[in-house]
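To start, the structure itself, in structure tokens.
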Amino acid sequence: MSYPPLVSARPVKRLVMALMALSLTTTAAACGGSGTTAEPAAPSVSAPAAAPGTPAAFPVTVDHLHGTTEIKARPQRIVTIGLSDHEPVLALGYKPVGVVDWFQVTPFSNWPWAKDKWAGTEPTVLGLREDGVKFEKLVGLKPDLIFAMYSGIQKEQYDKLSKIAPVVAQPKGYDPYAAPWQDLTLLAGRALGEEAKAKELIQGISDRFAEVRKENPQWGKLTAVAADSFKAGQYSAFQKGDPKSAFLAEMGFTIPEEITKRAGTSNVAEFGSEGLNMLDVDRLVWLTTGKEPWERIKNDKVYKELKVAKEARDLFLTYQDPPIGAALSFNTVLSIPYAIDQVTPLIKK
């Protein structure tokens, strides 16, 4: 089965465009849809009880990029339209009834780091990463809370969605898709009345990273880059704000500033073979949709002359099979432990 490649410069450009076209009437939404009847709403999922000693008092208010949102009662029907928003929500004990599918995996709940959290429950897929959110499906789910933290929605789309249910947009102070996993987890925790649990989860992951750095102090003196090649002669290097590079940085590596500067407000710097010298770092991690691009990359005349290639300091991984690249792309409180377990022994070789 083939899977769609990740978007390089703008992770969900089509998702954002689809949200820009959202209408507040189901008639207009149907005109932009496939013409099929919206799927029945998924069954309501009961909210978890508050942890002993940490009562979750509602209403709660949370601040985000587009303002302040009040959640009046413990949510029962959560929809996530950010590509990875469902994972911190799952980690905090809630099962979203609607999600956006980044990698087109069936069943959606099958990721190894999240499977036990779903416990056999399947959410309604509101759209694929390329197609954006199917508005009629979203309305049909009758959400009482919408997370749009890793979606890049603009104020106009936020205002429209807010007429359906309270919306939690991305954290303040970051470019779209550049908020750290800690901020996303904490924002979700506040919205769900589970801030104490969110902080506990964040600390646990931080301890894991600290352990890796302690066991591999040499990585603190090395540079690393996460890269991809979507077609022959075209390359992408992820800047330090991208989740994949952020993961490498928390492992101890330094992400070259040249790549971040070149990327600008995008999550990647894009270039042809002539720019491959930017990838001549101490550790180079290639993430590709499948294994097919590996030989093409290795046989690029410019790439073959790089020290990182000659000295075999490059590591080739796939987004799936195994899903190490997907875990790095999500880079969430759920996927990070899996990524640490998988990447640490490979990058040591």
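Within segment 178-194, the residues that satisfy the criterion of being more than 23 Å from S245 (Cα to Cα) and crowded, with 20+ Cβ neighbours inside 10 Å are G189, A191, L192, G193, E194. Condition check: within 19 Å of the chain's Cα centre (by Cα) and hydroxyl-bearing (S, T, Y). Does T254 satisfy that? Here the answer is no, as T254 does not meet what is asked.
Could you please let me know if V225 is crowded, with 23+ Cβ neighbours inside 10 Å and over 21 Å from Y150 (Cβ atoms)? Yes; evaluated as a whole, the condition is true for this residue.
Inspect all residues belonging to segment 281-290 and state whether any of them is within 26 Å of Q182 (Cβ to Cβ) and of a type in the set (G, A, S). So far as segment 281-290 goes, no, none of its residues is within 26 Å of Q182 (Cβ to Cβ) and of a type in the set (G, A, S). One residue alone among V45, V105, V99 is aliphatic (A, V, I, L, M) and at pLDDT 90 or above, and that residue is V99. The residues in segment 79-118 that are small (G, A, S) and under 21 Å from E200 (Cβ atoms) can be counted, and the count is 4. Within segment 82-97, not a single residue is under 24 Å from P243 (Cα atoms), part of a strand (DSSP E or B) and under 19 Å from the mean Cα position of the chain (by Cα). For segment 176-193, the condition of being closer than 30 Å to V139 by Cβ and more than 21 Å from the chain's Cα centre (by Cα) holds for at least one residue. Residues of segment 292-349 that are in a helix (DSSP H, G or I), surrounded by 18 or more Cβ atoms within 10 Å (Cβ to Cβ) and aliphatic (A, V, I, L, M): I297, V308, A309, I324, A326, A327, L328, I336, A339, I340, V343, I347. Is segment 58-73 home to any residue that is exposed (fewer than 15 other Cβ atoms within 10 Å of the Cβ), touching a Gly at 6+ places or on another chain (Cβ under 9 Å) and touching a residue at least 60 places away in the same chain (Cβ under 8 Å)? So far as segment 58-73 goes, yes, one or more of its residues are exposed (fewer than 15 other Cβ atoms within 10 Å of the Cβ), touching a Gly at 6+ places or on another chain (Cβ under 9 Å) and touching a residue at least 60 places away in the same chain (Cβ under 8 Å).
Name the single residue that is nearest to S329 (Cα to Cα) among those in segment 260-314 being out of contact with any Leu (no Cβ under 9 Å at 6 or more places or on another chain) and among the β-branched types (V, I, T). This residue is V268. Put simply, of G241, G204, G252, G220 the only residue that is modelled with pLDDT of 95 or more and either buried (at least 16 other Cβ atoms within 10 Å of the Cβ) or β-branched (V, I, T) (or both) is G252. Would you call K155 surrounded by fewer than 22 Cβ atoms within 10 Å (Cβ to Cβ), among the charged types (D, E, K, R) and more than 17 Å from the chain's Cα centre (by Cα)? In short, yes.
The single condition among (1) in contact (Cβ under 8 Å) with a residue 40 or more places away in the chain; (2) not in a helix (DSSP H, G or I) that A269 does not meet is (1). Contact annotation: residue pairs with Cβ atoms under 9 Å, 6 or more positions apart or on different chains, pairing a residue in segment 194-221 that is farther than 24 Å from P256 by Cα with a partner that is among the polar types (S, T, N, Q) and modelled with pLDDT under 95, are E194/T54; E195/T54; A196/T54; K197/T54. Can you say whether K172 is in a loop (DSSP other than H, G, I, E, B), touching a residue at least 12 places away in the same chain (Cβ under 8 Å), of a type in the set (K, R) and under 28 Å from S245 (Cα atoms), as far as the supplied structure shows? Judged against the criteria, K172 is a match. Considering D175, D131, the condition of being under 17 Å from V100 (Cα atoms), modelled with pLDDT under 95 and surrounded by fewer than 18 Cβ atoms within 10 Å (Cβ to Cβ) is satisfied by D131 alone.
The values are calculated or read from the model by the stated rules, or taken from the named source; none is laboratory data. Bear in mind that the values here come from a model prediction, so they are computed numbers and not experimental data. Positions of Cβ are generated from backbone atoms using ideal geometry, with glycine treated the same way; all protein chains shown enter the neighbour counts.
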